[in-house]
Amino acid sequence: MSALITALDILKVFTFAEPALNQAELARRLGRPKATVHRALKTLRESSLLEYDPTTRLYSPGMRLFELGQIFSSQNHFLDLLTKRLQKICEVHGHTGYITIFDGPDLMVLRMIRGSSPLAIATAPGYRAAAHSTSNGRAMLALLDDEDWQQRVPEPLPFVSHKTPANHAQLREILGRIRSSGRSLTDSESYEGVASCGIALRDPDRAEIYGIAISFPANLLDANAREDIALALDKLRADVSWQDT
């Protein structure tokens, strides 16, 4: 079992920002002996889960992981449905949209749809952020009962900015408002000058929770424009919920 855990932990280290790493760096980040990491890397290479470049001595995700990703995408019709609906909103309003899932206490971006707005944030697929600090992350947490989200996020909450909740009591108050309105809003919390409107939905077949957010420049949109974006997300949720009943 320890060998399997080491192999899984190795796979978790790779990101879009760091798609290739050497054995020494992997051992350092995992805090495990080099011999242990070497054995796990050998198994991952033989399974085509990792590839190894003998010239650079770097490991990177292998073809088998790509194939598994394709299987996931082909089976996840709900995600495709959300993506198509979000694309329409981004085309109309010109702002960037995101679809996310939980990754422990964080959220991970699955899909990013760029709008025509010049606002650019480095949140490509694979990017992770603290769920309590984003509009879509809070909307996702609001779909959980209090016991579940309290077990998911640490106490005190990791510091992101002075505008984000610092503890469970503050977060509980925010989640209560989200449950009442169905909307989650942030303004210059994770990124200065960036506002976001988010919602969350649960896949009726898999019970997976997906967050959806539209981000826009905080100082460029008035209250009416923000309400238009929120209404578009409300309609997306209503349309998808009706289609899956």
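The values are calculated or read from the model by the stated rules, or taken from the named source; none is laboratory data. Not measured: the values here are computed from a predicted model. All Cβ positions, glycine included, derive from the backbone under ideal geometry; neighbour counts span all protein chains shown.
For segment 169-188, a residue qualifies if it is in contact with a helix residue (DSSP H, G or I) (Cβ under 6 Å, 6 or more places away or on another chain) and not aliphatic (A, V, I, L, M), and the qualifying residues are 179, 183, 184, 186. You will find that of 26, 8, 50, the residue that is under 27 Å from residue 109 (Cβ atoms) and either of a type in the set (Gly, Ala, Ser) or surrounded by fewer than 13 Cβ atoms within 10 Å (Cβ to Cβ) (or both) is 8 and no other.
Among the conditions (1) touching a helix residue (DSSP H, G or I) at 6+ places or on another chain (Cβ under 6 Å); (2) in a loop (DSSP other than H, G, I, E, B), residue 40 misses just one, which is (2). Residues of segment 171-191 that are in contact (Cβ under 8 Å) with a residue 12 or more places away in the chain and not small (Gly, Ala, Ser): 171, 172, 174, 175, 178, 179, 183, 185, 186, 187, 189, 191. Residues in segment 211-225 that are at pLDDT 90 or above and in contact with a strand residue (DSSP E or B) (Cβ under 7 Å, 6 or more places away or on another chain): 211, 212, 213, 214, 215, 216.
For segment 164-175, indicate whether the set of residues that are surrounded by fewer than 17 Cβ atoms within 10 Å (Cβ to Cβ), assigned by TED's automatic domain parsing to the domain that holds residue 217, at pLDDT below 95 and among the polar types (S, T, N, Q) is non-empty. No, because not a single residue in segment 164-175 is surrounded by fewer than 17 Cβ atoms within 10 Å (Cβ to Cβ), assigned by TED's automatic domain parsing to the domain that holds residue 217, at pLDDT below 95 and among the polar types (S, T, N, Q). Pick from 52, 98: which is aromatic (Phe, Trp, Tyr), at negative phi and assigned by TED's automatic domain parsing to the domain that holds residue 138? Of 52, 98, the one residue that is aromatic (Phe, Trp, Tyr), at negative phi and assigned by TED's automatic domain parsing to the domain that holds residue 138 is 98.
Tell me yes or no: at least one residue of segment 99-109 is over 22 Å from residue 225 (Cα atoms), without any contact (Cβ under 8 Å) to a residue 60 or more places away in the chain, part of a strand (DSSP E or B) and touching a Ser or Thr at 6+ places or on another chain (Cβ under 7 Å). Taking every residue of segment 99-109 in turn, at least one turns out to be over 22 Å from residue 225 (Cα atoms), without any contact (Cβ under 8 Å) to a residue 60 or more places away in the chain, part of a strand (DSSP E or B) and touching a Ser or Thr at 6+ places or on another chain (Cβ under 7 Å). Residue 217 meets each of the listed conditions (1) free of Cβ contacts under 8 Å to residues at least 60 places away in the same chain; (2) touching a Gly at 6+ places or on another chain (Cβ under 8 Å) apart from (1). Would it be correct to say that residue 50 is touching a residue at least 60 places away in the same chain (Cβ under 8 Å) and touching a helix residue (DSSP H, G or I) at 6+ places or on another chain (Cβ under 9 Å)? Spelling it out, it is not the case that residue 50 is touching a residue at least 60 places away in the same chain (Cβ under 8 Å) and touching a helix residue (DSSP H, G or I) at 6+ places or on another chain (Cβ under 9 Å). Only residues in segment 1-12 that are assigned to a helix (DSSP H, G or I) count as the first member; pair them with residues that are at pLDDT 90 or above and of a type in the set (Asp, Glu), Cβ under 8 angstrom, at least 6 apart or cross-chain, and list the lot. If the second residue must be at pLDDT 90 or above and of a type in the set (Asp, Glu), no pairs are left. Here residue 145 clears all of (1) without any contact (Cβ under 8 Å) to a residue 60 or more places away in the chain; (2) in contact with a helix residue (DSSP H, G or I) (Cβ under 9 Å, 6 or more places away or on another chain); (3) among the acidic types (Asp, Glu) except the condition numbered (2).
Residues checked against (1) modelled with pLDDT of 90 or more; (2) acidic (Asp, Glu):
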position: 18; (1), (2): no, yes
position: 23; (1), (2): yes, no
position: 31; (1), (2): yes, no
position: 52; (1), (2): yes, no
position: 78; (1), (2): no, no
position: 83; (1), (2): yes, no
position: 97; (1), (2): yes, no
position: 119; (1), (2): no, no
